[in-house]
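Undergrad: Right, I'll just put the structure down here and ask away after.
The values are calculated or read from the model by the stated rules, or taken from the named source; none is laboratory data. Quick caveat, the model's predicted, so the values are computed rather than measured. Neighbour counts run over all protein chains shown; Cβ positions are idealised from the backbone, glycine included.
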Amino acid sequence: MADRSVSWTDPESVARLLARATAPRRVAAALTRVTAAARAVRAPAARPSTPPARASVPAPAPPPPIVVAPEPAVVPKLEHSSDNPSDRLDALMAWTLDHQRCTGAFVADDNGLTLAAHGISEAHVALVGPLLSALMGVRSIPGVDATAGALWLGTNMMSWVETRTERGGFCLGTVGAEALSTEALNQLKEALEVTVRGL
């Protein structure tokens, strides 16, 4: 059976079909326009495209590095193996140069007579007598201990310690770029006392 041609269709039926088919679309389009208009009226103000800035909290600082101070070098006590005064003075010079921050050292008596010296000029040694004589007067002031000290001599610092025995006073001095510490002066004084004991 052959299909019917449109020309055989009733024009009124076609019109009714078209009216039914297009009616819901017109209503839907109108509804869409009304809904969009209502949304535009109720829509809140446009938000900024970038979020509000937050208060920045700085990152915690890394802990400081732990610094371990090097152990101070232990200075051995001076021990003598000889009773010979010359050997004892040589041992004192060697111990002083090995364990103290100095470039030269000397031992003198309280008359300024040099008993031993190494790496020190004659001018420094010549100064010892007048220095010890001047310190005799300083020691008469109550509360003043003048048995150790330091003195600038040009570009060098002379540090000294002094000890007294039955046979008089003795001075052990060093010359270097800086004054010796109190601990170093105490070490020198102990070494000097051990050396001159019994001379």
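Undergrad: Across segment 149-178, what is the number of residues that are of a type in the set (Gly, Ala, Ser) and farther than 16 Å from Leu127 by Cβ?
TA: Total meeting the criteria: 2.
Undergrad: Still on this structure, I have one more. Listed residues Thr155, Thr165; which is assigned by TED's automatic domain parsing to the domain that holds Gly129, touching a Lys or Arg at 6+ places or on another chain (Cβ under 9 Å) and hydroxyl-bearing (Ser, Thr, Tyr)?
TA: Of the residues listed, the single one that is assigned by TED's automatic domain parsing to the domain that holds Gly129, touching a Lys or Arg at 6+ places or on another chain (Cβ under 9 Å) and hydroxyl-bearing (Ser, Thr, Tyr) is Thr165.
Undergrad: Follow-up. Provide a single number: the residues in segment 147-181 that are farther than 14 Å from Leu97 by Cα, in contact with a strand residue (DSSP E or B) (Cβ under 8 Å, 6 or more places away or on another chain) and of a type in the set (Ser, Thr, Tyr).
TA: So the answer is 2.
Undergrad: Would you tally the residues in segment 115-134 being outside any helix (DSSP H, G or I) and buried (at least 17 other Cβ atoms within 10 Å of the Cβ)?
TA: Summing the residues that are outside any helix (DSSP H, G or I) and buried (at least 17 other Cβ atoms within 10 Å of the Cβ) in segment 115-134 gives 4.
Undergrad: Now, a different point. Which residue, of Glu183, Glu178, Glu162, Glu190, is charged (D, E, K, R), closer than 25 Å to Val75 by Cα, crowded, with 20+ Cβ neighbours inside 10 Å and modelled with pLDDT of 85 or more?
TA: Every option except Glu162 fails the conditions.
Undergrad: Any chance segment 159-178 includes a residue that's in a strand (DSSP E or B) and of a type in the set (Lys, Arg)?
TA: Residues of segment 159-178 that are in a strand (DSSP E or B), as a first pass: 159-165, 168-176.
Narrowing further to those that are of a type in the set (Lys, Arg): 164.
Yes.
Undergrad: I would also like to ask the following. Within segment 101-114, how many residues turn out to be under 22 Å from Arg88 (Cβ atoms) and surrounded by fewer than 20 Cβ atoms within 10 Å (Cβ to Cβ)?
TA: Selection size over segment 101-114: 6.
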